[in-house]
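Undergrad: Before anything else, here's the structure in question.
The values are calculated or read from the model by the stated rules, or taken from the named source; none is laboratory data. Computed from a prediction, not measured in an experiment: that's the story for all the values here. In this analysis, Cβ positions are derived from the backbone assuming ideal geometry, glycine residues included, and neighbour counts consider all displayed protein chains. Ligands, DNA and RNA are stripped out before the accessible areas are found, and what is left, the full protein with its side chains, is counted by its heavy atoms. Shrake-Rupley method; radii C 1.70, N 1.55, O 1.52, S 1.80 Å.
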Amino acid sequence: MSALSRRRFLALSGVAATSGIEGIVAGRRAPAFAQGTRLHLLQWSHFIPAADTLFETQAKEFGKQAGVEVAIERINQNDIQTRVTAAIQSGAGPDIIIVANNHAHLYESSLVDVSDVAEEIGRKQGGWYDYAKVNCVAGGRWIGVPQFIISWAITYREDWLKEAGFEYPKTWDDFRKVGKAMKAKGRPFGQAFGHSINDPNNWCYPLVWMWGGMEVQPDGRTVVLNGKNTIEAVKFNNVLWKEVFDEGGLAWDDSNNNRAFLSSEISLTGNAPSIYVAARQKFPDVYKGTNHGHYPPGPAGRFYWLPAWNSVVPKYGKNPKVAKDFIRFYMDRARFEPYFETMDTFGIPATQAYRDHPLWKKDPRTSVFPETLASARQVGHAGPPGRKATEVLSKYIIVDMFAKAIQGMKPEDAVAWAAGELKKIYDA
């Protein structure tokens, strides 16, 4: 990335002169507070590797301009929460952590107030989507800055379905019919039910909602999961498991279904468009036959749960000002727009400035992804998506409810178990 003029940098980033970062560009001088600083950022390993490469380049540019050493550590996404918890408990660790979903709520009292950064970015980029904002606001303050929302819909082999005489299913009855036929041909659908932060939750929460179930009442206290609608959702999923799905899915994480689809072992799975991007790069036959579709609507409607990533600054850090300046830097549109474009529809920007971005119209086969945001719900429905809902999510209670039923527990008992686990959390 070429060096920016002082005026252009300030116009793009909106960093106030009093922030101390003005000197970054003016003569390439490091601000006094930053000299000799080492900034450690922990994030997940992106499913679109080129996005990590670009972020690394941007981090080096910031480090060069700010006179700091920026060290980026990447780990498996499912290990992030363990690392955050360990760092918070020990009072030492990364200066910035990119955390999943609404997990920032679990560490609310241990995170720096980043309201100044988040509100500045929101003002410049058309405002935040509420879906992203609720992950990062607690007690009237921003405890995180949304990075992006993960796109998620159904990925399927359109060529295989057409070969078998089918179109993409528009109802759940059709979903069952088509999936049963495809499984008989050795081309089952695939769904993860393991402890992985995205795909299993992406399936299980919406299935409850689409059948009319909900976790708690709007009061955020009264657990109502154990009801007829939730039981019916679990029963229907059991039918799909036997008739439609690859039965290895109980042990799958977010990468297993990607590999199964790319190796032509399954014909349909719920996923972000990372499968599509990988297919375009390395599996041309899979790419040519792949398309994407919405969930069929359930008895109560069509709903999604979309994962998200957010930047947080732990209070134990010695350089919170530099950490916040780095978040300003990589979330500024001059950097984030090429990052978004590199992800290639994998991520939905959390600000509304990108609502009509040309990327969404570039390929008709990915046009479904931004549409999912309009019918997305947050966990904890119908209550607020606060700390208690976060704890339920992080403990995989809803996923395990479905998994227990798949493994032989009566659906009524699986739902009663899950409701009991929710009550332990909501009554605490």
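Undergrad: Closer than 19 Å to Val322 by Cβ, among the hydroxyl-bearing types (Ser, Thr, Tyr), out of contact with any helix residue (DSSP H, G or I) (no Cβ under 6 Å at 6 or more places or on another chain) and open to solvent by 10 Å² or more (accessible area, probe 1.4 Å) - does that describe any residue in region 100-121?
TA: Yes, region 100-121 contains a residue that is closer than 19 Å to Val322 by Cβ, among the hydroxyl-bearing types (Ser, Thr, Tyr), out of contact with any helix residue (DSSP H, G or I) (no Cβ under 6 Å at 6 or more places or on another chain) and open to solvent by 10 Å² or more (accessible area, probe 1.4 Å).
Undergrad: Follow-up question, since we're still on this one. Looking at Gly408, Gly380, Gly420, which is the one that is over 25 Å from His294 (Cα atoms) and either in contact with a helix residue (DSSP H, G or I) (Cβ under 8 Å, 6 or more places away or on another chain) or in a loop (DSSP other than H, G, I, E, B) (or both)?
TA: Exactly one of Gly408, Gly380, Gly420 is over 25 Å from His294 (Cα atoms) and either in contact with a helix residue (DSSP H, G or I) (Cβ under 8 Å, 6 or more places away or on another chain) or in a loop (DSSP other than H, G, I, E, B) (or both), namely Gly408.
Undergrad: Looking at Val244, Val224, which is the one that is of a type in the set (A, V, I, L, M) and either within 19 Å of Val178 (Cα to Cα) or under 23 Å from the mean Cα position of the chain (by Cα) (or both)?
TA: Val244 is the lone residue from the list that is of a type in the set (A, V, I, L, M) and either within 19 Å of Val178 (Cα to Cα) or under 23 Å from the mean Cα position of the chain (by Cα) (or both).
Undergrad: Can you pull out every residue in region 181-196 that is assigned to a helix (DSSP H, G or I) and hydrophobic (A, V, I, L, M, F, W, C)?
TA: Correct list: Ala181, Met182, Ala184.
Undergrad: Quick check, is Gln35 surrounded by fewer than 13 Cβ atoms within 10 Å (Cβ to Cβ) and either at pLDDT 95 or above or assigned to a loop (DSSP other than H, G, I, E, B) (or both)?
TA: So Gln35 passes the test.
Undergrad: Restricting attention to region 46-72, which residues are open to solvent by less than 50 Å² (accessible area, probe 1.4 Å) and outside any helix (DSSP H, G or I)?
TA: Result: His46, Ile48, Gly67, Val68, Val70, Ala71, Ile72.
Undergrad: With respect to His195, is the statement that it is farther than 23 Å from Thr366 by Cβ and surrounded by fewer than 19 Cβ atoms within 10 Å (Cβ to Cβ) true?
TA: Yes, satisfied.
Undergrad: So, one more: State all residues of region 159-193 that are closer than 14 Å to Gly270 by Cα and not polar (S, T, N, Q); if no residue qualifies, say none. Show your work before the answer.
TA: So the first thing to find is which residues in region 159-193 are closer than 14 Å to Gly270 by Cα, and the list is 168-169, 175, 179, 188-193.
Answer for region 159-193, where residues must be closer than 14 Å to Gly270 by Cα and not polar (S, T, N, Q): Tyr168, Pro169, Phe175, Gly179, Pro188, Phe189, Gly190, Ala192, Phe193.
Undergrad: Just to verify a result, which residue in region 138-156, among those that are surrounded by fewer than 22 Cβ atoms within 10 Å (Cβ to Cβ) and more than 17 Å from the chain's Cα centre (by Cα), is nearest to Gly190 (Cα to Cα)?
TA: Per the criteria, the residue is Ala138.
Undergrad: In addition: Considering each of Glu232, Glu247 in turn, give the residue that is modelled with pLDDT of 95 or more, open to solvent by 30 Å² or more (accessible area, probe 1.4 Å) and not aliphatic (A, V, I, L, M).
TA: On the way: Glu247 fails: modelled with pLDDT of 95 or more.
Within the list Glu232, Glu247, the selection yields Glu232.
Undergrad: In region 253-284, what residues are touching a residue at least 60 places away in the same chain (Cβ under 8 Å), closer than 21 Å to Gly186 by Cα, surrounded by fewer than 23 Cβ atoms within 10 Å (Cβ to Cβ) and not small (Gly, Ala, Ser)?
TA: Hits for region 253-284 are Asn256, Glu265.
Undergrad: For Trp360, all conditions in the list (1) under 28 Å from Ala92 (Cα atoms); (2) assigned to a helix (DSSP H, G or I); (3) modelled with pLDDT under 95 hold save one; what is the number of the exception?
TA: Of the numbered conditions (1) under 28 Å from Ala92 (Cα atoms); (2) assigned to a helix (DSSP H, G or I); (3) modelled with pLDDT under 95, the odd one out for Trp360 is (1).
Undergrad: Now for a different question. Out of all the residues in region 73-99, which are part of a helix (DSSP H, G or I) and surrounded by fewer than 19 Cβ atoms within 10 Å (Cβ to Cβ)?
TA: Residues of region 73-99 part of a helix (DSSP H, G or I): 77-90.
If the condition is that a residue be part of a helix (DSSP H, G or I) and surrounded by fewer than 19 Cβ atoms within 10 Å (Cβ to Cβ), then Asn78, Asp79, Gln81, Thr82, Arg83, Thr85, Ala86, Gln89, Ser90 are the ones that fit.
Undergrad: Considering each of Gly63, Gly67, Gly122 in turn, give the residue that is in contact with a strand residue (DSSP E or B) (Cβ under 6 Å, 6 or more places away or on another chain) and over 26 Å from Gly380 (Cα atoms).
TA: Matching residue, one of Gly63, Gly67, Gly122: Gly63.
Undergrad: Now for a different question. Between a residue in region 180-200 that is polar (S, T, N, Q) and any residue that is in a loop (DSSP other than H, G, I, E, B), which pairs come within a Cβ distance under 6 Å, given they are 6 or more apart or on different chains?
TA: Ser196/Asp253; Ser196/Asp254; Asn198/Asp254; Asn198/Pro307
Undergrad: Answer yes or no: is there a residue in region 287-307 that is of a type in the set (Gly, Ala, Ser) and either closer than 23 Å to Ala350 by Cβ or touching a Leu at 6+ places or on another chain (Cβ under 7 Å) (or both).
TA: No, region 287-307 has no match at all.
Undergrad: While we're on this one: For region 224-245, enumerate the residues that are of a type outside the set (A, V, I, L, M), in contact with a helix residue (DSSP H, G or I) (Cβ under 7 Å, 6 or more places away or on another chain) and either part of a loop (DSSP other than H, G, I, E, B) or without any contact (Cβ under 8 Å) to a residue 40 or more places away in the chain (or both).
TA: Across region 224-245, the qualifying residue is only Asn226.
Undergrad: How many of the residues in region 63-114 are within 15 Å of the chain's Cα centre (by Cα) and under 17 Å from Ser196 (Cα atoms)?
TA: 12
Undergrad: In region 383-405, what residues are in contact with a helix residue (DSSP H, G or I) (Cβ under 6 Å, 6 or more places away or on another chain), without any contact (Cβ under 8 Å) to a residue 40 or more places away in the chain and surrounded by fewer than 20 Cβ atoms within 10 Å (Cβ to Cβ)?
TA: Selection gives Lys404 alone.
Undergrad: Within region 319-357, work out how many residues are over 19 Å from the mean Cα position of the chain (by Cα), part of a loop (DSSP other than H, G, I, E, B) and touching a residue at least 12 places away in the same chain (Cβ under 8 Å).
TA: 3
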